[in-house]
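Visitor: Got a structure here, written out as C-alpha cells. Questions coming.
The values are calculated or read from the model by the stated rules, or taken from the named source; none is laboratory data. Everything numeric here is computed off the predicted structure, so don't read it as measured data. Methodologically, a virtual Cβ is constructed for each residue, glycine included, from the backbone with ideal geometry; neighbour enumeration extends over all protein chains shown. The area values use the complete protein model at the heavy-atom level, side chains included, leaving out ligands, DNA and RNA. Shrake-Rupley method; radii C 1.70, N 1.55, O 1.52, S 1.80 Å.
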Amino acid sequence: MAKQPDPFSSFSGLLRAALGDLLAPEAGTFLDMVADNIVMEFPYAPPGGVPRVEGKAALAEYLPGAASLITIESMSQPVVHRAQDSNIAILEFTCAGHGTETGITYDQTYISVVTLADGYITHYRDYWNPLILLRAMGGDDAIAAALKEAGDAQ
C-alpha cells in the first residue's frame, strides 16, 4: 500500500501519547498504527453513516472523506484505562474544531476501546456523539449526504 499523508496527525499523536510502547516504534501515522485486518466500529453512527470499516485498505479509503467533514483545532490529553497485562486500552479524550463546510462548532467527547496485537491496533471501537457532528454539518440532510459519500468510497 502506498504511503498516504496522515489526515489525522493530531489523532496519531494522541494515540502515540496514550499507547506509547504498545505501538510499534516505526508507526508514525494512524494507518501505520493499524493492522492489515483492522476493524473500526462506530456504534453510534447516525442513520446513513458508516457503522463499521474492515481492513486497512478500506480504512485508507474511508479516512479522507471522514477527515473532510470536520476541522480539528485541538485535542485533549487522553485519559487511559488499561488492565494490567491487557491488550485493551480505553481512551477518554475531547477535541475542539468546526464543520469544514459550515464553520459550526464541533466540540466532541470520545470514549474509544482499542485492542492491540504485536504493536498494531486490530480493533478500534469509537464511541462519540453523532448529534455534535450533525450540528457541525448543518443538520440531518447534510450529514446523511456526507456520510453516504464517505461510505460509498469504501
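Visitor: Near the amide H of residue 50, under 5 Å away, which other amide H atoms are found, from residues 5 or more places off or on another chain, if H is placed in the peptide plane?
Guide: Amide H neighbours of residue 50, under 5 Å, 5+ apart: none.
Visitor: I would also like to ask the following. Using alpha carbons only, how many degrees (0 to 90, rounded to 10) separate the axis of helix 56-69 from the longest principal axis of the chain?
Guide: Result, in degrees: 40.
Visitor: Per residue, how much accessible area does the chain show when a 1.4 Å probe rolls over the protein heavy atoms, in square angstrom?
Guide: Here the per-residue accessible area is 51 Å².
Visitor: By per-residue mean of other Cβ atoms within 10 Å, what is the highest-first order of 83-90, 20-27?
Guide: Final packing ranking: 20-27, 83-90.
Visitor: In the range 56-136, what GluC sites (Glu not before Pro) fall in a loop by DSSP, with at most 10 other Cβ atoms inside 10 Å?
Guide: Loop-located and lightly packed - none at all.
Visitor: Another question, then. Once you have the Kirkwood Rh of the range 10-139 from its Cα pairs, apply Stokes-Einstein at 10 °C and 1.306 mPa s and quote D in µm²/s.
Guide: Translational diffusion coefficient: 105 µm²/s.
Visitor: Could you please state how large a percent of the accessible area of the range 1-131 is carbon and sulfur, counting protein chains only and using a 1.4 Å probe?
Guide: The C+S portion of the solvent-accessible surface of the range 1-131 is 54 percent.
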